[in-house]
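Student: Sharing a structure with you now.
The values are calculated or read from the model by the stated rules, or taken from the named source; none is laboratory data. Small disclaimer: the values here were computed from a predicted structure and weren't measured. Here the Cβ positions follow ideal geometry from the backbone for every residue, glycine too, while neighbour counts run over all protein chains shown. Ligands, DNA and RNA are stripped out before the accessible areas are found, and what is left, the full protein with its side chains, is counted by its heavy atoms. Shrake-Rupley method; radii C 1.70, N 1.55, O 1.52, S 1.80 Å.
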Protein chains: 2
Amino acid sequence: MRAGDRIGTLAWNGYRHLELYYGVSGMGAVTHTINPRLFADQIAYIVNHAEDAYVFFDLTFVPLVEKLAPQCPGVRGWVAMTDRAHVPQARLAKLLCYEDLLGAENGDYAWPQFDEWAASGLCYTSGTTGNPKGTLYAHRTTVLHAYAASLPDVFNVSAREVILPVVPMFHVNSWGVAYLAPMNGAKLVLPGAGLDGKSLYELFETEGVTVTAGVPTVWLGLLAYVAEHGLRFSSLRRAVVGGSACPPAMITRFAELGVECIHAWGMTEMSPLGSFGMLKGKHLGMPPEQQFEKRVKQGRAIFGVEMKIVDGAGRELPRDGKAFGDLLVRGPWVTCGYFKGEGGDILRDGWFPTGDVATIDPDGYMQITDRSKDVIKSGGEWISSIELENIAVAHPAIAEAAAIGAAHPKWDERPLIVAVRKAGAEVTREELLTFYEGKVAKWWIPDDVVFVEALPHTATGKLLKTQLRQEFAKHKLPTA
Amino acid sequence: MRAGDRIGTLAWNGYRHLELYYGVSGMGAVTHTINPRLFADQIAYIVNHAEDAYVFFDLTFVPLVEKLAPQCPGVRGWVAMTDRAHVPQARLAKLLCYEDLLGAENGDYAWPQFDEWAASGLCYTSGTTGNPKGTLYAHRTTVLHAYAASLPDVFNVSAREVILPVVPMFHVNSWGVAYLAPMNGAKLVLPGAGLDGKSLYELFETEGVTVTAGVPTVWLGLLAYVAEHGLRFSSLRRAVVGGSACPPAMITRFAELGVECIHAWGMTEMSPLGSFGMLKGKHLGMPPEQQFEKRVKQGRAIFGVEMKIVDGAGRELPRDGKAFGDLLVRGPWVTCGYFKGEGGDILRDGWFPTGDVATIDPDGYMQITDRSKDVIKSGGEWISSIELENIAVAHPAIAEAAAIGAAHPKWDERPLIVAVRKAGAEVTREELLTFYEGKVAKWWIPDDVVFVEALPHTATGKLLKTQLRQEFAKHKLPTA
């Protein structure tokens, strides 16, 4: 490997993956963590686009690597992250063994000094449109992000804490945990592939985990296991939730178990942390309901990140917790463009458009109300598709729902609900529309409902609204 | 004022001083905090050397400023930090009023953007030799230092904490507290000039202070007041101690009051933080005596600072907690030279020589055993002057003592104790020497004792050993 080379990883949260983080970046090469949950064709695209010199993989991914290798001729070697005894029988011409490579070296390597702007990491986003795009991290941005991520109102992990990142190390550097744990001398517990409720609970208890971080889905599994077996956490005190909106009930359930559930928000393009939902001193004396109003939001900007919301014309909107607009961010670890210039100049006057629509309240707590491209623009006013979807799925007969803008001759767009009924449940178009009354402003009530068998999703489980908008491009609203 | 101008302050910890910190540095000028406890001639030297364009002063310092003004013709204005009604009757030609200056402006100032290496602050050290030398801080170094100072194992001040810096804002930016409190949204309580035990205790209680920081002398006053009145702290949880070695008994006394006393170490040339004495996870299960052994040391290097100890030939010494040598440091907020090049190139292969002699133990805890220039070099081996002094003052008849190296024909130097007896107490030379037996290695036992009426000190209260060494340059040791 040479300085600047991209080195791919297809790996769980394990100690060899951590060694790669520091070994690859420390020698001046670029740790390129790849999300193995993407479709194989997308991964092949990413490996080729990044021009990975080597790809390191956990044994779980042997079948995937066998598929990738023929599509990625530029890769000089596929390194199985194991010892000689466990090297797989794989159909791979350029197969190498991790521990053999390490065993051939002594410990006297002289770590080079290089410019702080040298690239340390690379991570691709799996957008809902177009090819994945890469975000390059520099040593400078990574260190600054790690400082900020360690702050008392962010991860706050001292040398006396035990942290287990459930969030994968292939998902934006496990939100910085792979850096901030060693930086602060905390004990780092890496769960490998066992992310089911039972495995996690037992690991928490065995290793005395005090802090953890992950997406809501994982916590649903953990909380279900804990409830089913009537268990308690003996050491866990804080659970950081991000990746998608944290269900309010999850915050309550964690609190009942003595665990503070902290809502965080970020993006691949932000290294990833942008905001964290810790309370301020003034909230401590408030009743739990008022504290809860803060906790369900995505949190305050962490020091270093600036946020603002703007309307369609780019005018800054008030921080009153009501006005919502496009969320723009800037800061030392916010990207200014994608790897190899993909997507061109993406900043607006130096600000990165997150693609989210949000409110910011007078205390600085940000709440995402929609994706910019999903917001429904009715007569120049914006309607939150997420709010309409939340109401639809609150109906007992609805399993899943999408709210999209359908063309309207007078209002440009009006809300259309595309919904999936629960198995065996009954609900009519009219009943569902009536269900909105009193829950939103009158002009937010959807103009129509269409029931379907299933909704389209991305590989990472997000609603594929672009496809829905294409499918319903010619939908005729009864109000049109 | 223009960008780059130095702006002097002679002020206590108060809100106008904080406004100056941000106003002066934020406009691109340099906040030059001056220690008003220095001799007036030293202050005049500093103001002239820094070429301060303006000097802002609290009303306490009117008599001082009247003395300074004639000696500092380059100062374009002396600004009384008060409102019109309280402007003093002072013999000052260029007297201005702080609130008048502020009142003449509106709030629409557009803060400039400038290079991160632009100077933000300036602080002079009052060494025991030569003229004071200035350390310039950049915005970059100040922000990085503030991040590091906020870490969970350093000040760890969240938006739910209330912090009162007793350490003055003229003393290396109050160890960073003036920056880290606003940065983390903590409540900042500024005590003004009232630093006696009663004033501090009452302010702690009234404002719900949870964290504080200062030198041991201040805590002696506070603890005495608390003991005398049988009081407890209702909100205080942590007291950071630095500036000089923390007496072990102070750590115990604070602990009895439910306050964790944390030993910190730093230097003006280090912005100032270098190390902090928080325990590691592995220490939590240990008996209190073993924890105490860590707490009395100066602490572990904070992330960003590297430390090593070297012998007289510059060879790195082991981190075994026993070997002691010159302590060298480097890091993003460690200076590489003094203002205007005073003192020339001060680094040794990129490392800043702290002038301290220290041990580092296997856990990374550093303990200062001496000043480099005070260490007694006997036959090529080093003897800690501080350890000899600590033993002397542990004798019930000794009020204060200095250990210096006296010339010896065979050993180059041998230890000489210069001591002050307590009023009315009696102790002979022989009795004091016998007192060392069994407390140190035989060859560490001093060769002689001289009793004096008083020892010389610097303006900031440090022992002036240079003067003692001059006075005793021709002292004839009985062993010589």
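Student: From the list B:A227, B:A249, exactly one residue is farther than 24 Å from A:S150 by Cα, outside any loop (DSSP other than H, G, I, E, B) and out of contact with any helix residue (DSSP H, G or I) (no Cβ under 9 Å at 6 or more places or on another chain). Which is it? Spell out the reasoning first.
Tutor: On the way: B:A227 fails: out of contact with any helix residue (DSSP H, G or I) (no Cβ under 9 Å at 6 or more places or on another chain).
After ruling out the rest, the residue left standing is B:A249.
Student: Separate question: Could you please find all residues in segment A:429-455 being over 21 Å from A:G380 (Cβ atoms) and small (G, A, S)?
Tutor: Across segment A:429-455, the qualifying residues are A:G438, A:A454.
Student: Would you point out which residue out of B:A138, B:A159 is out of contact with any Ser or Thr (no Cβ under 8 Å at 6 or more places or on another chain) and modelled with pLDDT of 95 or more? Explain how you work it out, then say what you get.
Tutor: Numbers: B:A138 fails: out of contact with any Ser or Thr (no Cβ under 8 Å at 6 or more places or on another chain).
Residue meeting the stated conditions: B:A159.
Student: Have a look at A:A454, A:A402 and point out the one that is under 30 Å from A:I43 (Cβ atoms) and part of a loop (DSSP other than H, G, I, E, B).
Tutor: A:A454
Student: In addition: Based on what the data block shows, is A:A402 buried (at least 18 other Cβ atoms within 10 Å of the Cβ) and within 25 Å of the chain's Cα centre (by Cα)?
Tutor: On the way: buried (at least 18 other Cβ atoms within 10 Å of the Cβ): yes; within 25 Å of the chain's Cα centre (by Cα): yes.
Yes: the conditions hold for A:A402.
Student: Just checking, which of A:G243, A:G258 is out of contact with any Cys (no Cβ under 7 Å at 6 or more places or on another chain), open to solvent by 50 Å² or more (accessible area, probe 1.4 Å) and assigned to a loop (DSSP other than H, G, I, E, B)? If you could, list the steps in order and put the result at the bottom.
Tutor: Working: A:G258 fails: open to solvent by 50 Å² or more (accessible area, probe 1.4 Å).
After ruling out the rest, the residue left standing is A:G243.
Student: How many of the residues in segment A:1-34 are of a type in the set (S, T, N, Q) and either over 17 Å from A:L68 (Cα atoms) or out of contact with any Leu (no Cβ under 9 Å at 6 or more places or on another chain) (or both)? It would help to see each step written out before you state the result.
Tutor: First, pick out the residues of segment A:1-34 that are of a type in the set (S, T, N, Q): A:9, A:13, A:25, A:31, A:33.
Then keep just the ones that are either over 17 Å from A:L68 (Cα atoms) or out of contact with any Leu (no Cβ under 9 Å at 6 or more places or on another chain) (or both); that gives A:13, A:25, A:31.
Here the count works out to 3.
Student: Within segment B:36-147, which strands (runs of 3 or more DSSP E) (wholly inside it) include 3 or more residues that are out of contact with any Pro (no Cβ under 6 Å at 6 or more places or on another chain) and over 30 Å from B:F352 (Cβ atoms)?
Tutor: On the way: elements: B:54-57, B:77-80, B:95-97, B:119-125, B:133-138.
Result: B:54-57, B:77-80, B:95-97.
Student: Given the criterion open to solvent by 10 Å² or more (accessible area, probe 1.4 Å), within 14 Å of chain A (Cβ to nearest Cβ) and either within 18 Å of B:G23 (Cα to Cα) or not hydrophobic (A, V, I, L, M, F, W, C) (or both), identify the matching residue among B:E105, B:E116. If you could, list the steps in order and put the result at the bottom.
Tutor: Working: B:E105 fails: within 14 Å of chain A (Cβ to nearest Cβ).
After ruling out the rest, the residue left standing is B:E116.
Student: Given the conditions (1) surrounded by 16 or more Cβ atoms within 10 Å (Cβ to Cβ); (2) in contact (Cβ under 8 Å) with a residue 40 or more places away in the chain; (3) within 18 Å of A:H475 (Cβ to Cβ), report the number of the one that A:W444 does not fulfil.
Tutor: (3)
Student: Which residues, counting only those in segment A:192-208, are in a loop (DSSP other than H, G, I, E, B) and either open to solvent by less than 20 Å² (accessible area, probe 1.4 Å) or hydrophobic (A, V, I, L, M, F, W, C) (or both)? If you could, list the steps in order and put the result at the bottom.
Tutor: Within segment A:192-208, the first condition is being in a loop (DSSP other than H, G, I, E, B), and the residues that meet it are A:193-196, A:208.
Of everything in segment A:192-208, those that are in a loop (DSSP other than H, G, I, E, B) and either open to solvent by less than 20 Å² (accessible area, probe 1.4 Å) or hydrophobic (A, V, I, L, M, F, W, C) (or both) turn out to be A:A193, A:L195.
Student: Would you be able to tell me the number of residues in segment B:176-191 that are under 21 Å from the mean Cα position of the chain (by Cα), within 11 Å of another protein chain (Cβ to nearest Cβ) and open to solvent by less than 20 Å² (accessible area, probe 1.4 Å)? Lay out the reasoning, then the answer.
Tutor: Initial filter on segment B:176-191 (under 21 Å from the mean Cα position of the chain (by Cα)): B:176-181, B:188-191.
Next, from what is left, pick out any that are within 11 Å of another protein chain (Cβ to nearest Cβ): B:179-180.
With open to solvent by less than 20 Å² (accessible area, probe 1.4 Å) added as a condition, the list becomes B:180.
Residues that pass the stated criteria total 1.
Student: Return the residues of segment A:73-120 that are more than 27 Å from A:F339 (Cα to Cα) and of a type in the set (F, W, Y); say none if nothing qualifies.
Tutor: Listed by number, the residues that qualify are A:Y98, A:Y109.
Student: Can I ask one more? Residue pairs, Cβ under 6 Å, 6 or more apart or interchain, first in segment A:8-28 and in a strand (DSSP E or B), second at pLDDT 95 or above and open to solvent by 40 Å² or more (accessible area, probe 1.4 Å). List them.
Tutor: A:N13/A:L190
Student: Next question, about the same structure. All but one of (1) touching a Ser or Thr at 6+ places or on another chain (Cβ under 6 Å); (2) open to solvent by 30 Å² or more (accessible area, probe 1.4 Å); (3) not basic (K, R) hold for A:T458, so report the exception by its number.
Tutor: (2)
Student: Could you check B:S234 against (1) in a helix (DSSP H, G or I); (2) surrounded by fewer than 19 Cβ atoms within 10 Å (Cβ to Cβ); (3) more than 12 Å from chain A (Cβ to nearest Cβ) and say which number it fails?
Tutor: The number of the failed condition is (1).
Student: I need every pair where a residue in segment B:383-411 that is among the aromatic types (F, W, Y) has its Cβ under 6 Å from the Cβ of a residue that is open to solvent by 20 Å² or more (accessible area, probe 1.4 Å), sequence separation at least 6 or different chains.
Tutor: Pairs found: B:W411/B:G379.
Student: Here's another thing I want to ask about it. For residues that are open to solvent by 30 Å² or more (accessible area, probe 1.4 Å), without any contact (Cβ under 8 Å) to a residue 24 or more places away in the chain and among the aliphatic types (A, V, I, L, M), scanning just segment B:269-311, find the one that is nearest to the other protein chains (Cβ to nearest Cβ).
Tutor: It comes out as B:L284.
Quick grid of which residues meet (1) more than 21 Å from A:A181 (Cβ to Cβ); (2) in contact (Cβ under 8 Å) with a residue 60 or more places away in the chain:
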site	(1), (2)
A:V209	no, no
A:Y225	yes, no
A:G230	yes, no
A:L236	no, no
A:C246	yes, no
A:A249	yes, no
A:R253	yes, no
A:M267	yes, yes
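Student: Count, please, the residues in segment A:143-175 that happen to be open to solvent by 10 Å² or more (accessible area, probe 1.4 Å), more than 8 Å from chain B (Cβ to nearest Cβ) and of a type in the set (A, V, I, L, M).
Tutor: 1
Student: Out of segment A:1-35, which residues are closer than 24 Å to A:G341 by Cα and under 23 Å from the mean Cα position of the chain (by Cα)?
Tutor: Within segment A:1-35, A:R6, A:I7, A:G8, A:T9, A:S25, A:V30, A:T31, A:H32, A:T33, A:I34, A:N35 meet the criteria.
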